[in-house]
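Working notes for the structure below.
The values are calculated or read from the model by the stated rules, or taken from the named source; none is laboratory data. Quick caveat, the model's predicted, so the values are computed rather than measured. When we count neighbours, we look across all protein chains shown, and the Cβ atoms used for this are built from the backbone with ideal geometry, even at glycine.
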Amino acid sequence: MRYAGVRGVGAGWLRLRYQIGGALIVTLLPFLLLWGYNPKAFVNLDLVLATWAYGVAAMLLGVVLLRSISQYPGVEASAYTLPSFGISYGIMLLTVIFARLSYSRILLVLGFVLVLVWFMGIHVIAVRRQTFSIGVVPEGDYKVLLPLSGVRWMVLQSPDQDISGLHAITADLRFDLSAEWDRKLADYALRGMPVYHTKHLAESMTGMVQLEHLSENSFGTLSPVSAFMTVKHVGDWIIAAIAAIVLAPALIILAIVIRLDSPGSPIFRQTRIGYRGAPFTVYKFRTMVSGDHGTVALDAAKTKSADARITRIGYFLRKSRIDELPQIFNILKGEMSWIGPRPEARVLSEWYEGEIPFYRYRHIVRPGLTGWAQVNQGHVAEVDDVRNKLYFDFYYIKSYSPWIDFLIVGKTIQTILTGFGAK
């Protein structure tokens, strides 16, 4: 939420003093509530003050993290609130535990929740009440930005034009700009005016990476960061193992209900293309009438709107995404992740590869039970829709990090509650 030079009605909410001042008040609320409910809890005043100090330290660290990485409007401006404060409070909690310091768990948790709500709230208020204005350097591929909504675009007529009403400048930095604009962009940067690369700004605002060519990530390589991939793989397995144990009774009962609802195996198996292009068998709860799914045809592999093959309970399972839960076992086998591009049926994947350049690149990370394309677009099957889906998949791969995974988790919960994109 660091919009340098922001002016206008909503600007005050984005100034650092308002953010921290409000957050300090918010961190006091749990203590005031506890005082009103149980004054005796404040007998150990040192414990209470220490807990408040820990919370303030974590909040300040979270603000530093948030303002250092949240530079772009659009997707990236709202993606980092939970991860930033989750990391700051996590660091503080680990420090307190390893240092064996005394603290109140309930007060710390309440403070974290309220700080999170505060910063998410001021972001929503500021975005709704302000008009974000960006000056566009009219050289290179700048016209791609002009149709995008949510920002007032001003195409600059000359390097000497007055920019006092603008919040940022954008230019196609891969284009061989004229010497006048090169000098002016350097001046803007020296004055503290944010200067965005047109392509990156478009990706941030749409959450999509175009397919004109393979796009490198922030580290200048096509391959995602291997360290995060390894940590994520281990974390996926641990969470899947816990989920399998906890959910086993419910999964068994659900399998019985599916079998009673319609004849056939309660588990649907299908060959799909996964990590590094290797085929694997994916498991799902069966939501359609039984058929020969072993050698599925192209049309049969596509799920259409109001598909007549969907069973009575299958409609609910698909809408709620519960039909995906057996893929926990794919995660345990190392074939999938909780979050990543959704794996496609083998026959569909081969079709897409023949129609769409760079399609195979989506296999560079493990496929997921949920993904960036699913929470933004929903289920699609036709080539033109899949092309847009790849824009989302490529954005996820380019932004491959804990930050976007946290954002997908939040959007997935919203998707489950609303049934968005289900067929």
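Of the residues making up the stretch 86-132, those that are basic (Lys, Arg) and at pLDDT 80 or above are Arg100, Arg105.
In the set (1) farther than 16 Å from Lys333 by Cα; (2) modelled with pLDDT under 90; (3) within 26 Å of the chain's Cα centre (by Cα), the condition left unmet by Leu247 is number (2). Could you tell me whether Val282 is among the β-branched types (Val, Ile, Thr), in a helix (DSSP H, G or I) and in the same structural domain as Ile310 (by TED's automatic domain parsing)? Here the answer is no, as Val282 does not meet what is asked. For the stretch 254-279, the candidate set comprises residues that are aliphatic (A, V, I, L, M) and not in a strand (DSSP E or B); within that set, the residue that is surrounded by the most Cβ atoms within 10 Å (Cβ to Cβ) is Ile258.
Of all residues in the stretch 313-362, those that are farther than 24 Å from Phe228 by Cβ, crowded, with 18+ Cβ neighbours inside 10 Å and small (Gly, Ala, Ser) total 3.
Filtering the stretch 164-180 to residues that are buried (at least 20 other Cβ atoms within 10 Å of the Cβ) and out of contact with any His (no Cβ under 8 Å at 6 or more places or on another chain) leaves Leu166, His167, Ala168, Ile169.
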